[in-house]
Amino acid sequence: MSIDGTIVPKSRPRATGLKHLPRATRSFIAAGALAAAALAVIAGLTLAGAGPAGAPPPAKLEGTDVWAAGTQPAHPFALRDQNGRLISTDGLHGQIWAVTFMDSHCTRQCPIEARAISTTERLLGSSYHLKVIVISVLPSYDTPHHIRVFARKTGMTGDWHWLNGPKAQMAKIWREYGILVITGVQHTAALYLVDRRGDVRVADAIPFLPSQLASSVRALSAHPRA
């Protein structure tokens, strides 16, 4: 178990949907050691390394693992979000989106991740759009009420959707994305960035650097939004 309560499995979880996931999973062992640095970044140092006058550095794909287009298709899912809306990988086609795994009962690692996502969105500004998909790892607890309380406490903003469903269906998705869930609040943590064609291009350990995720989103965006 890491210092924040998120587990690191002794054996790598089987990932049927992402062919090279084990390397990324191994990288999560170091995630706890990055916590202090990530907290500093989230606290306001995310612009370190920016160019003159605060301009962001040239955009490129950055993260724990980076893959070429067409090599890591995102595994399909179709689940309801906190508002009852059906969200599916088919419906996400043509958009840049991140998928991660959290529970609204968590008080340490998941709030850190939620704040890092919010920081990423602030770095991107209004010119770039990132849709955030959260897949529940504690289906019995993650009611719309608990999700909204968590979102309010952690400052979640922007275009986010917290997906839930029957435990058997959720467990299949966890396995396919290499997420090992023990008790819901104990689970491996990862964030994947998916391009407009539905290919996973970046896998990130948690905590991650918002500046890197923002750079990856910009790199995948052919044109900023008008």
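The values are calculated or read from the model by the stated rules, or taken from the named source; none is laboratory data. Given the structure is predicted, the values throughout are model-derived calculations rather than measurements. Cβ atoms come from the backbone with ideal geometry, glycine included; neighbour counts cover every protein chain shown.
Per-structure values
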| item | result |
| --- | --- |
| Flag if Arg196 is under 19 Å from Asp90 (Cα atoms), crowded, with 19+ Cβ neighbours inside 10 Å, among the basic types (Lys, Arg) and touching a Leu at 6+ places or on another chain (Cβ under 8 Å) | no |
| Enumeration of residues in region 71-127 that are of a type in the set (Ser, Thr, Tyr) and within 21 Å of Asp195 (Cα to Cα) | Thr71, Ser88, Thr89, Thr100, Ser118, Thr119, Thr120, Ser126, Ser127 |
| Subset tally (residues that are under 16 Å from Tyr177 (Cβ atoms) and either hydroxyl-bearing (Ser, Thr, Tyr) or touching a strand residue (DSSP E or B) at 6+ places or on another chain (Cβ under 7 Å) (or both)) for region 193-207 | 10 |
| Qualifying residue in region 204-222 (condition: of a type in the set (Asp, Glu) and crowded, with 24+ Cβ neighbours inside 10 Å) | yes |
| Subset of region 81-127 [in a strand (DSSP E or B), among the small types (Gly, Ala, Ser) and either under 16 Å from Pro210 (Cβ atoms) or in contact with an Asp or Glu (Cβ under 6 Å, 6 or more places away or on another chain) (or both)] | Ala98 |
| Those residues of region 86-102 which are more than 17 Å from Lys172 (Cα to Cα) and not aromatic (Phe, Trp, Tyr), in sequence order | Leu86, Asp90, Gly91, Leu92, His93, Gly94, Gln95, Ile96, Ala98 |
| Condition check for Asp195: touching a residue at least 40 places away in the same chain (Cβ under 8 Å), acidic (Asp, Glu) and more than 17 Å from Tyr128 (Cα to Cα) | no |
| Filter result (at pLDDT below 95 and more than 17 Å from Arg85 (Cβ to Cβ)) within region 156-167 | Thr157, Lys167 |
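Residue-by-condition table, conditions (1) touching a residue at least 12 places away in the same chain (Cβ under 8 Å); (2) surrounded by fewer than 19 Cβ atoms within 10 Å (Cβ to Cβ); (3) within 22 Å of Pro73 (Cα to Cα); (4) among the small types (Gly, Ala, Ser):
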| position | (1), (2), (3), (4) |
| --- | --- |
| Pro144 | yes, yes, no, no |
| Ile147 | yes, no, no, no |
| Trp162 | yes, no, yes, no |
| Lys172 | no, yes, yes, no |
